[in-house]
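Asker: What follows is a structure written as C-alpha coordinates; I'll ask about it next.
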Amino acid sequence: MRKLLSVLAATLLAGCASIADAGSLADVAVINRTTGERLQVYRHGGRMYVEGKAGERYAIEMRNRTAGRILTVLSVDGINAVTGQTAAASQSGYVLGAWERAEIAGWRKDLDDVAAFYFTALPDSYAARTGRPDNVGVIGVAVYKEYVEPPRAMLEAPAKEQAEAGGRLSANDAARAPAAASGMPAPRSKMAEEKLGTGHGERIHAPTHSTEFRRASSTPAEGITIYYDSRQNLIAQGIIPRHAKMPQPFPNGGFVPDPS
(Lines give C-alpha, C1' and ligand atoms only; values in the text may rest on other atoms or scores of the structure.)
Protein backbone atom coordinates (compact mmCIF):
# COMPACT_ATOMS: atom_id res chain seq x y z
CA MET A 1 0.00 0.00 0.00
CA ARG A 2 1.46 3.34 -1.04
CA LYS A 3 1.95 5.91 1.67
CA LEU A 4 0.23 9.28 1.66
CA LEU A 5 2.20 12.10 0.07
CA SER A 6 2.21 15.68 1.27
CA VAL A 7 2.01 18.10 -1.68
CA LEU A 8 1.01 21.68 -2.36
CA ALA A 9 -2.55 22.54 -3.29
CA ALA A 10 -2.56 25.12 -6.09
CA THR A 11 -4.29 28.47 -5.73
CA LEU A 12 -7.30 27.88 -7.96
CA LEU A 13 -8.75 30.32 -10.46
CA ALA A 14 -12.41 30.71 -11.35
CA GLY A 15 -13.60 29.78 -14.83
CA CYS A 16 -12.56 27.19 -17.38
CA ALA A 17 -11.24 28.99 -20.45
CA SER A 18 -10.37 26.81 -23.42
CA ILE A 19 -6.74 25.70 -23.62
CA ALA A 20 -5.35 24.32 -26.86
CA ASP A 21 -2.59 22.07 -25.53
CA ALA A 22 -4.58 19.26 -24.00
CA GLY A 23 -4.02 15.84 -22.59
CA SER A 24 -6.84 13.54 -21.55
CA LEU A 25 -6.48 14.45 -17.86
CA ALA A 26 -5.03 17.97 -17.92
CA ASP A 27 -4.59 20.97 -20.20
CA VAL A 28 -1.39 23.06 -20.12
CA ALA A 29 -0.72 26.51 -21.61
CA VAL A 30 2.04 29.13 -21.34
CA ILE A 31 0.75 32.65 -20.68
CA ASN A 32 2.38 36.03 -21.27
CA ARG A 33 1.85 37.72 -17.89
CA THR A 34 1.99 41.23 -19.39
CA THR A 35 -0.75 40.74 -21.98
CA GLY A 36 -2.57 37.75 -20.50
CA GLU A 37 -2.42 35.99 -23.86
CA ARG A 38 -1.63 32.31 -24.29
CA LEU A 39 1.51 31.78 -26.36
CA GLN A 40 0.91 30.24 -29.77
CA VAL A 41 1.84 26.57 -29.97
CA TYR A 42 3.87 25.31 -32.94
CA ARG A 43 3.78 21.57 -33.56
CA HIS A 44 6.84 20.02 -35.14
CA GLY A 45 8.08 16.43 -35.21
CA GLY A 46 5.42 15.31 -32.76
CA ARG A 47 6.42 17.96 -30.19
CA MET A 48 4.96 21.28 -29.05
CA TYR A 49 6.94 24.53 -29.02
CA VAL A 50 6.24 28.11 -27.93
CA GLU A 51 8.13 31.29 -28.70
CA GLY A 52 9.66 33.12 -25.74
CA LYS A 53 10.98 36.67 -25.69
CA ALA A 54 13.86 37.62 -23.40
CA GLY A 55 12.70 39.66 -20.41
CA GLU A 56 9.02 38.67 -20.62
CA ARG A 57 7.37 37.23 -17.50
CA TYR A 58 5.29 34.13 -18.07
CA ALA A 59 3.06 31.71 -16.20
CA ILE A 60 2.06 28.10 -16.72
CA GLU A 61 -1.66 27.45 -16.67
CA MET A 62 -2.89 23.95 -15.83
CA ARG A 63 -6.50 22.78 -15.88
CA ASN A 64 -7.94 19.55 -14.52
CA ARG A 65 -10.20 17.94 -17.13
CA THR A 66 -11.59 15.32 -14.78
CA ALA A 67 -14.22 14.97 -12.05
CA GLY A 68 -11.60 13.90 -9.49
CA ARG A 69 -8.48 15.42 -7.98
CA ILE A 70 -5.17 15.17 -9.84
CA LEU A 71 -1.56 15.81 -8.88
CA THR A 72 0.53 17.82 -11.35
CA VAL A 73 4.31 17.66 -10.89
CA LEU A 74 5.69 20.72 -12.69
CA SER A 75 9.21 20.81 -14.15
CA VAL A 76 10.83 23.90 -15.71
CA ASP A 77 14.26 23.49 -17.34
CA GLY A 78 14.56 20.08 -15.67
CA ILE A 79 13.94 21.52 -12.17
CA ASN A 80 10.93 20.92 -9.93
CA ALA A 81 9.14 24.28 -9.70
CA VAL A 82 7.98 23.56 -6.12
CA THR A 83 11.07 22.09 -4.44
CA GLY A 84 13.97 23.29 -6.61
CA GLN A 85 15.26 19.72 -6.90
CA THR A 86 16.46 18.24 -10.19
CA ALA A 87 13.06 17.09 -11.41
CA ALA A 88 11.64 13.59 -11.07
CA ALA A 89 8.02 12.61 -11.63
CA SER A 90 7.81 11.09 -8.13
CA GLN A 91 8.30 14.45 -6.39
CA SER A 92 5.85 16.99 -4.93
CA GLY A 93 3.63 19.18 -7.07
CA TYR A 94 0.29 20.97 -7.23
CA VAL A 95 -3.07 19.32 -6.52
CA LEU A 96 -6.03 20.46 -8.64
CA GLY A 97 -9.63 19.75 -7.66
CA ALA A 98 -12.27 18.56 -10.12
CA TRP A 99 -12.46 20.78 -13.24
CA GLU A 100 -10.30 23.44 -11.59
CA ARG A 101 -7.32 25.32 -12.97
CA ALA A 102 -4.29 27.10 -11.57
CA GLU A 103 -1.83 29.67 -12.89
CA ILE A 104 1.74 29.03 -11.70
CA ALA A 105 3.78 32.21 -12.13
CA GLY A 106 7.10 31.25 -10.59
CA TRP A 107 9.42 29.12 -8.50
CA ARG A 108 7.79 28.27 -5.16
CA LYS A 109 9.72 29.99 -2.32
CA ASP A 110 7.31 29.24 0.54
CA LEU A 111 3.56 28.84 1.09
CA ASP A 112 3.00 32.54 0.35
CA ASP A 113 5.37 33.57 -2.45
CA VAL A 114 6.98 32.51 -5.73
CA ALA A 115 9.94 33.96 -7.67
CA ALA A 116 8.68 35.02 -11.10
CA PHE A 117 9.31 32.96 -14.22
CA TYR A 118 10.79 35.05 -17.04
CA PHE A 119 12.50 34.22 -20.30
CA THR A 120 16.19 35.05 -20.30
CA ALA A 121 19.54 34.16 -21.88
CA LEU A 122 20.86 30.75 -20.81
CA PRO A 123 23.64 32.04 -18.45
CA ASP A 124 21.03 34.04 -16.45
CA SER A 125 18.60 31.11 -16.15
CA TYR A 126 17.95 29.62 -12.71
CA ALA A 127 19.10 26.24 -14.00
CA ALA A 128 22.47 27.59 -15.20
CA ARG A 129 22.97 29.66 -12.04
CA THR A 130 22.49 26.51 -9.94
CA GLY A 131 24.85 24.43 -12.10
CA ARG A 132 22.16 22.50 -14.05
CA PRO A 133 22.02 23.97 -17.60
CA ASP A 134 21.60 20.72 -19.55
CA ASN A 135 17.78 20.73 -19.73
CA VAL A 136 17.09 24.42 -20.29
CA GLY A 137 14.24 25.12 -22.71
CA VAL A 138 11.53 22.67 -21.68
CA ILE A 139 8.41 22.66 -19.48
CA GLY A 140 7.01 19.32 -18.34
CA VAL A 141 3.95 18.26 -16.35
CA ALA A 142 3.55 14.73 -14.95
CA VAL A 143 -0.08 14.01 -14.06
CA TYR A 144 -1.26 11.48 -11.47
CA LYS A 145 -4.78 10.32 -10.67
CA GLU A 146 -5.78 10.04 -7.02
CA TYR A 147 -6.16 6.62 -5.42
CA VAL A 148 -9.78 5.73 -4.68
CA GLU A 149 -10.69 2.92 -2.28
CA PRO A 150 -12.30 0.04 -4.23
CA PRO A 151 -15.83 -1.14 -3.36
CA ARG A 152 -16.13 -3.58 -0.46
CA ALA A 153 -16.85 -6.46 -2.84
CA MET A 154 -13.51 -5.81 -4.53
CA LEU A 155 -11.73 -5.81 -1.17
CA GLU A 156 -13.17 -9.24 -0.41
CA ALA A 157 -12.09 -10.73 -3.76
CA PRO A 158 -9.49 -13.54 -3.73
CA ALA A 159 -5.92 -12.29 -3.27
CA LYS A 160 -4.90 -13.73 -6.64
CA GLU A 161 -7.57 -11.72 -8.51
CA GLN A 162 -6.55 -8.54 -6.70
CA ALA A 163 -2.90 -9.09 -7.64
CA GLU A 164 -3.84 -9.63 -11.29
CA ALA A 165 -6.02 -6.51 -11.32
CA GLY A 166 -3.19 -4.47 -9.79
CA GLY A 167 -0.76 -5.74 -12.41
CA ARG A 168 -3.03 -4.69 -15.25
CA LEU A 169 -3.51 -1.22 -13.77
CA SER A 170 0.24 -0.73 -13.44
CA ALA A 171 0.86 -1.74 -17.04
CA ASN A 172 -1.91 0.50 -18.35
CA ASP A 173 -0.67 3.51 -16.37
CA ALA A 174 2.83 3.06 -17.76
CA ALA A 175 1.51 2.79 -21.31
CA ARG A 176 -0.46 6.04 -20.99
CA ALA A 177 2.63 8.11 -20.14
CA PRO A 178 3.66 9.56 -23.55
CA ALA A 179 7.21 9.20 -24.82
CA ALA A 180 7.38 12.97 -25.36
CA ALA A 181 7.55 13.49 -21.61
CA SER A 182 11.12 12.17 -21.62
CA GLY A 183 12.03 12.90 -25.25
CA MET A 184 14.85 15.11 -26.42
CA PRO A 185 14.17 18.38 -28.27
CA ALA A 186 14.74 18.69 -31.99
CA PRO A 187 18.42 18.96 -33.06
CA ARG A 188 19.73 22.52 -32.84
CA SER A 189 21.65 23.65 -35.90
CA LYS A 190 22.46 27.05 -37.35
CA MET A 191 21.34 28.77 -34.18
CA ALA A 192 20.62 32.45 -34.71
CA GLU A 193 21.23 33.46 -31.10
CA GLU A 194 21.82 32.14 -27.61
CA LYS A 195 19.29 29.65 -26.28
CA LEU A 196 16.58 30.88 -23.88
CA GLY A 197 16.08 29.70 -20.32
CA THR A 198 13.88 30.65 -17.37
CA GLY A 199 15.07 33.16 -14.79
CA HIS A 200 14.44 33.51 -11.04
CA GLY A 201 12.65 36.85 -10.82
CA GLU A 202 10.98 39.11 -8.30
CA ARG A 203 8.82 37.78 -5.48
CA ILE A 204 5.11 37.44 -6.27
CA HIS A 205 2.41 36.86 -3.66
CA ALA A 206 0.86 33.49 -4.53
CA PRO A 207 -0.53 31.82 -1.39
CA THR A 208 -1.14 28.09 -1.23
CA HIS A 209 -1.43 25.37 1.43
CA SER A 210 -0.34 21.81 2.07
CA THR A 211 -2.62 18.83 1.54
CA GLU A 212 -2.35 15.06 1.24
CA PHE A 213 -2.64 13.09 -1.97
CA ARG A 214 -2.35 9.36 -2.53
CA ARG A 215 -1.26 8.48 -6.06
CA ALA A 216 -3.25 5.80 -7.87
CA SER A 217 -0.07 4.49 -9.49
CA SER A 218 3.69 4.76 -9.13
CA THR A 219 4.06 6.11 -12.68
CA PRO A 220 2.31 9.17 -14.18
CA ALA A 221 -1.02 8.56 -15.89
CA GLU A 222 -0.07 11.29 -18.37
CA GLY A 223 2.84 13.53 -19.31
CA ILE A 224 2.72 16.85 -21.20
CA THR A 225 5.87 18.50 -22.58
CA ILE A 226 6.25 21.96 -24.13
CA TYR A 227 9.60 23.18 -25.48
CA TYR A 228 10.42 26.88 -25.79
CA ASP A 229 13.06 29.09 -27.39
CA SER A 230 13.44 32.46 -29.12
CA ARG A 231 11.70 33.09 -32.43
CA GLN A 232 15.03 33.25 -34.29
CA ASN A 233 16.12 29.90 -32.90
CA LEU A 234 12.78 28.26 -33.66
CA ILE A 235 13.05 29.55 -37.23
CA ALA A 236 16.62 28.22 -37.46
CA GLN A 237 15.36 24.78 -36.41
CA GLY A 238 12.56 24.84 -39.00
CA ILE A 239 9.85 24.91 -36.33
CA ILE A 240 8.52 28.33 -37.36
CA PRO A 241 8.48 28.95 -41.15
CA ARG A 242 11.19 31.44 -42.06
CA HIS A 243 8.77 33.81 -43.78
CA ALA A 244 5.85 33.37 -41.39
CA LYS A 245 3.99 36.62 -40.78
CA MET A 246 2.54 37.58 -37.44
CA PRO A 247 -1.18 38.46 -37.55
CA GLN A 248 -1.87 42.19 -37.20
CA PRO A 249 -4.83 43.46 -35.15
CA PHE A 250 -5.32 46.60 -37.33
CA PRO A 251 -4.09 45.83 -40.87
CA ASN A 252 -6.35 48.45 -42.40
CA GLY A 253 -8.62 51.33 -41.39
CA GLY A 254 -12.06 52.49 -42.47
CA PHE A 255 -15.56 51.19 -41.83
CA VAL A 256 -17.12 47.74 -42.14
CA PRO A 257 -17.91 46.89 -45.82
CA ASP A 258 -20.67 44.53 -46.94
CA PRO A 259 -19.46 40.95 -47.51
CA SER A 260 -19.02 39.91 -51.16
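The values are calculated or read from the model by the stated rules, or taken from the named source; none is laboratory data. None of these values were measured; they are calculated from a predicted model. In this analysis, Cβ positions are derived from the backbone assuming ideal geometry, glycine residues included, and neighbour counts consider all displayed protein chains. These accessible areas exclude ligands, DNA and RNA; they are computed on the full protein's heavy atoms, side chains included. Shrake-Rupley method; radii C 1.70, N 1.55, O 1.52, S 1.80 Å.
Asker: Restrict the check to the stretch 51-69 and report whether at least one residue is closer than 17 Å to GLU202 by Cα and among the β-branched types (Val, Ile, Thr).
Answerer: yes
Asker: In addition: Out of (1) part of a strand (DSSP E or B); (2) under 14 Å from the mean Cα position of the chain (by Cα), the odd one out for ALA88 is which?
Answerer: Condition not satisfied by ALA88: (1).
Asker: From the list ALA192, ALA127, pick out the single residue that is of a type in the set (A, V, I, L, M) and at pLDDT 75 or above.
Answerer: Every option except ALA127 fails the conditions.
Asker: In addition: Residues being open to solvent by less than 30 Å² (accessible area, probe 1.4 Å) and either over 15 Å from MET62 (Cα atoms) or among the aliphatic types (A, V, I, L, M) (or both): count how many of those fall in the stretch 139-151.
Answerer: The initial filter retains those residues of the stretch 139-151 that are open to solvent by less than 30 Å² (accessible area, probe 1.4 Å), namely 139-144.
Subset that is either over 15 Å from MET62 (Cα atoms) or among the aliphatic types (A, V, I, L, M) (or both): 139, 141-143.
The total comes to 4.
Asker: Please list, ordered by first then second residue, the pairs with beta carbon atoms under 8 Å, 6 or more apart or interchain, first in the stretch 26-54 and farther than 21 Å from GLY199 by Cα, second of a type in the set (Lys, Arg).
Answerer: Qualifying pairs under 8 Å: ALA26/ARG63; ALA26/ARG65; ASP27/ARG63; ASP27/ARG65; ASP27/ARG101.
Asker: Also, quick follow-up: State the number of residues belonging to the stretch 114-127 that are under 16 Å from LEU74 (Cα atoms) and outside any strand (DSSP E or B).
Answerer: 2
Asker: Kindly provide the set of residues from the stretch 83-104 that are open to solvent by 20 Å² or more (accessible area, probe 1.4 Å) and touching a residue at least 60 places away in the same chain (Cβ under 8 Å), ordered by number.
Answerer: Residues satisfying the conditions are ALA89, SER90, SER92, TRP99, GLU100, ARG101, GLU103.
Asker: Keeping to the stretch 100-113, report how many residues are over 21 Å from GLU37 (Cα atoms) and assigned to a strand (DSSP E or B).
Answerer: The number of residues fulfilling the criteria is 2.
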